[in-house]
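Undergrad: Starting off with a structure, shown below.
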Amino acid sequence: QVQLVESGGGLVQPGGSLRLSCAASGSIFGIRLMGWYRQAPGNEREFVASITWIVGNTNYADSVLGRFAISRDNAKKTVSLQMNSLKLEDTAVYYCKFATYNGGDYWGKGTLVTVSS
């Protein structure tokens with residue numbers, strides 16, 4: 001059974017940094033890309049960043065461009081999100097997602113990031 005487990009969330013002051021990681025366990029075949037999404041209270045889940053499995057092409061939401069960086073370790077089946085210059089509006093539960101070529105998506109249960117002074 002495939003499981004994705006996020007880690008690294010916590011409380012940070014505005015302007016601070018956090019690094020999220022997501023590790024996959026179990027057998028996942030045909031990974032197409034890995035990504036991060038977030039959901040703030042009262043809002044819908046939104047895209048944050050993604051990276052393709054083979055080439056490593058990245059894509060970012062405009063709101064995090066230049067502040068967040070996504071990376072992957074294919075051998076370990078992990079994806080990370082380095083978050084710098086955090087803002088109050090970055091507060092959310094962050095979820096990782098693995099998408100496969102056969103259309104199957106896997107989601108983690110999320111990790112809470114709170115940006116507060």
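The values are calculated or read from the model by the stated rules, or taken from the named source; none is laboratory data. Since the structure is predicted, the reported quantities are computational estimates derived from the model, not experimental observations. Protein only, heavy atoms only, side chains kept; ligands, DNA and RNA dropped before computing areas. Shrake-Rupley method; radii C 1.70, N 1.55, O 1.52, S 1.80 Å.
Undergrad: Mind computing the radius of gyration and Dmax over the alpha-carbon atoms of the stretch 1-58? Å is fine for both.
TA: Values for the stretch 1-58 (Cα only, Rg and Dmax): 13.8, 39 Å.
Undergrad: Distances longer than 17 Å among the Cα atoms of the chain: what percent of all pairs is that? Could you put the intermediate results ahead of the total?
TA: Details: 3431 of 6786 pairs.
Taking all Cα-Cα pairs of the chain, the fraction more than 17 Å apart is 51 percent.
Undergrad: Same structure, new question: If you roll a 1.4 Å probe over the stretch 34-107 with all protein chains in place, what percent of the accessible area is carbon or sulfur?
TA: Working: 1820 of 3830 Å².
Of the solvent-accessible surface of the stretch 34-107, carbon and sulfur hold 47 percent.
Undergrad: Here's something else I'd like to know. So, taking all protein chains as they sit and a 1.4 Å probe, how much accessible area belongs to Glu46, in Å² rounded to tens?
TA: 80
Undergrad: Multiplying the sequence separation of Asn43 and Leu88 by 0.36 nm and subtracting their Cα-Cα distance, what value in nm do you get?
TA: Contour length minus the Cα-Cα distance gives 14.7 nm.
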